[in-house]
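Working notes for the structure below.
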Amino acid sequence: MNSFTTPPRSFICLRHGATDWNRQGLFQGHTDNPLNDDGIAQAHAAAEKLRAVVLGHIVSSPLLRAVQTAEIIANIASRTVTIDRGLIELNFGSFEGRPVRELMMQHGASNAQGLVDMLPADSEPWADVASRGLRSISQWLDRHPQDEILFVCHDAVMQSMAQTLTGSFFKNGHGKPFRYVRTADAWTVEAV
């Protein structure tokens, strides 16, 4: 099993709003696409949902779709956005820009684990995504032990961390905040 840093406490993650490539069902990875109109609306809806949460910091992946989502939330929360490369999406290598469903059918994959198992050799290793994401989040939580921090990132980052911490995947959505809840040494992922 790969080693990873366990965050010291619960934290909130949010998948960026949708892009045209998300709507087309394409692997996006490091391809730097902007939010579409749906994604902008999802970011505004997330900001409203998070209005009751006193955010000390908003930390984003450097990719435009995450930064745009974070900036919409930051504007409503009167915060600034800090970029952290540890939250960047998985690099899907030769799968980037190709249809997710079509490739899953070609590889006989029918669920999230099947998708992980079929990743090409030139993609970033799945375990590395979880390790870097959890390391970045842990560093932020350690530096700001009293603050609620929102991490705006990507589905593969969130799913890899959930699988590492809880042993399973969860149903994620664009612009939907989730709290990774630590209770003693057990973790759950819950909608905010």
Item to check | Members of region 142-187 found to be farther than 24 Å from residue 45 by Cα, over 12 Å from the mean Cα position of the chain (by Cα) and surrounded by 18 or more Cβ atoms within 10 Å (Cβ to Cβ), listed by number | outcome: 163, 164, 165, 187
Item to check | Total residues in region 1-37, condition free of Cβ contacts under 8 Å to residues at least 60 places away in the same chain and not aliphatic (A, V, I, L, M) | outcome: 8
Checklist entry - Mind checking which pairs have a first residue in region 111-122 that is outside any loop (DSSP other than H, G, I, E, B) and a second that is surrounded by 14 or more Cβ atoms within 10 Å (Cβ to Cβ), Cβ under 7 Å, 6 or more apart or different chains? => result 112/159; 112/169; 114/104; 115/104; 115/109; 116/126; 117/109
Checklist entry - Listed residues 22, 33, 75; which is among the polar types (S, T, N, Q), assigned to a loop (DSSP other than H, G, I, E, B) and either out of contact with any strand residue (DSSP E or B) (no Cβ under 6 Å at 6 or more places or on another chain) or farther than 25 Å from residue 187 by Cα (or both)? => result 33
Next on the checklist: Can you pull out every residue in region 123-140 that is surrounded by 18 or more Cβ atoms within 10 Å (Cβ to Cβ) and in a helix (DSSP H, G or I)?
Outcome noted: 126, 129, 130, 131, 132, 133, 134, 136, 137, 138, 140
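Within region 43-69, work out how many residues are assigned to a loop (DSSP other than H, G, I, E, B) and among the small types (Gly, Ala, Ser). Before you say what the answer is, go through the steps one by one.
Filtering region 43-69 down to residues assigned to a loop (DSSP other than H, G, I, E, B) leaves 53-54, 61-63.
Still in the running and among the small types (Gly, Ala, Ser): 61.
Summing the residues that are assigned to a loop (DSSP other than H, G, I, E, B) and among the small types (Gly, Ala, Ser) in region 43-69 gives 1.
Bear in mind that the values in this text are calculations on the coordinates, not laboratory data. These numbers come from a predicted model, not from an experiment. Here Cβ is always computed from backbone atoms with ideal geometry, including for glycine, and neighbour counts include all displayed protein chains.
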